[in-house]
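*Asks:* Right, I'll just put the structure down here and ask away after.
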Amino acid sequence: MQYDTKFDPETPLERAALRAVKTARWFAQEWRETSIEADGLRLRQLAPTLDRLEDGILYDNRDETILELIEKAIVQYLDDHLEGYGTRALYRNTSGDELRTTELQRCRDLIEQWKVFKHARQHVIDMRRARIIADQFS
């Protein structure tokens, strides 16, 4: 199979999609580097979702519940290790926070990457929805 390595996104939607694909890959790679265990998630459920994210497949219905559980697991892990920190980190930029262990720093970086991915993914959904609505009035 031959790939077009000179792909240059021309439209805002293409640029947003490219950003979402990249942030998904980075998030999946960072997740695999942590020791977070997700309650209710088994590796056989999680691995295919992470594989799809790394492959740029961001909108598979099989992953919706898994993605919600991943977010909860990151928040819970941080909350368990530093009271309330995961909940706070979900809604605020914590990238400048100094944490006492390398593992906490790595998980803080993970939640920051999660937020970037989640935002980028939702941005593509919003742009597609906006295009559909605009086309209805054209």
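*Asks:* Hey, can you tell me all the residues within region 95-138 that are charged (D, E, K, R) and touching a residue at least 60 places away in the same chain (Cβ under 8 Å)?
*Replies:* Glu103, Arg106, Asp109, Arg121, Arg128, Arg131
*Asks:* What residue, among those in region 30-46 that are part of a helix (DSSP H, G or I) and either surrounded by fewer than 11 Cβ atoms within 10 Å (Cβ to Cβ) or charged (D, E, K, R) (or both), is modelled with the lowest pLDDT?
*Replies:* Leu43
*Asks:* Scan region 75-92 and give yes if some residue there is part of a loop (DSSP other than H, G, I, E, B), among the hydrophobic types (A, V, I, L, M, F, W, C) and within 15 Å of the chain's Cα centre (by Cα), otherwise no.
*Replies:* Taking region 75-92 as the starting set, the residues that turn out to be part of a loop (DSSP other than H, G, I, E, B) are 82-84, 92.
After this cut, where a residue has to be among the hydrophobic types (A, V, I, L, M, F, W, C) as well, the list is 82.
Filter again for within 15 Å of the chain's Cα centre (by Cα), leaving none.
Scanning region 75-92 turns up no residue that is part of a loop (DSSP other than H, G, I, E, B), among the hydrophobic types (A, V, I, L, M, F, W, C) and within 15 Å of the chain's Cα centre (by Cα).
*Asks:* Another question, then. Can we say Arg108 is of a type outside the set (S, T, N, Q) and surrounded by 12 or more Cβ atoms within 10 Å (Cβ to Cβ)?
*Replies:* yes
*Asks:* Also: Any idea how many residues of region 52-62 are surrounded by fewer than 18 Cβ atoms within 10 Å (Cβ to Cβ) and closer than 17 Å to Gln113 by Cβ?
*Replies:* Summing the residues that are surrounded by fewer than 18 Cβ atoms within 10 Å (Cβ to Cβ) and closer than 17 Å to Gln113 by Cβ in region 52-62 gives 2.
*Asks:* Consider Asp79 carefully, then state whether it is free of Cβ contacts under 8 Å to residues at least 24 places away in the same chain and surrounded by 13 or more Cβ atoms within 10 Å (Cβ to Cβ).
*Replies:* For Asp79, the condition - free of Cβ contacts under 8 Å to residues at least 24 places away in the same chain and surrounded by 13 or more Cβ atoms within 10 Å (Cβ to Cβ) - is met.
*Asks:* From the list Leu99, Leu104, pick out the single residue that is among the hydrophobic types (A, V, I, L, M, F, W, C) and either under 16 Å from the mean Cα position of the chain (by Cα) or not in a loop (DSSP other than H, G, I, E, B) (or both).
*Replies:* From the options Leu99, Leu104, the qualifying one is Leu104.
*Asks:* Out of Thr87, Thr65, Thr102, Thr49, which single residue is loosely packed, with under 12 Cβ neighbours inside 10 Å and of a type in the set (S, T, N, Q)?
*Replies:* When all the criteria are applied, what remains is Thr102.
*Asks:* Within region 114-126, identify whether any single residue is in contact with a Phe, Trp or Tyr (Cβ under 7 Å, 6 or more places away or on another chain), of a type outside the set (D, E, K, R), under 22 Å from Leu18 (Cα atoms) and surrounded by 14 or more Cβ atoms within 10 Å (Cβ to Cβ), and answer yes or no.
*Replies:* yes
*Asks:* Go through region 58-97 and give me each residue that's among the basic types (Lys, Arg) and more than 16 Å from Arg121 (Cα to Cα).
*Replies:* Lys72, Arg88, Arg92
The values are calculated or read from the model by the stated rules, or taken from the named source; none is laboratory data. Quick caveat: nothing in here was measured; it's all calculated off a predicted structure. For neighbour counting, all protein chains shown are included, and Cβ atoms are generated from backbone atoms with ideal geometry for every residue, glycine included.
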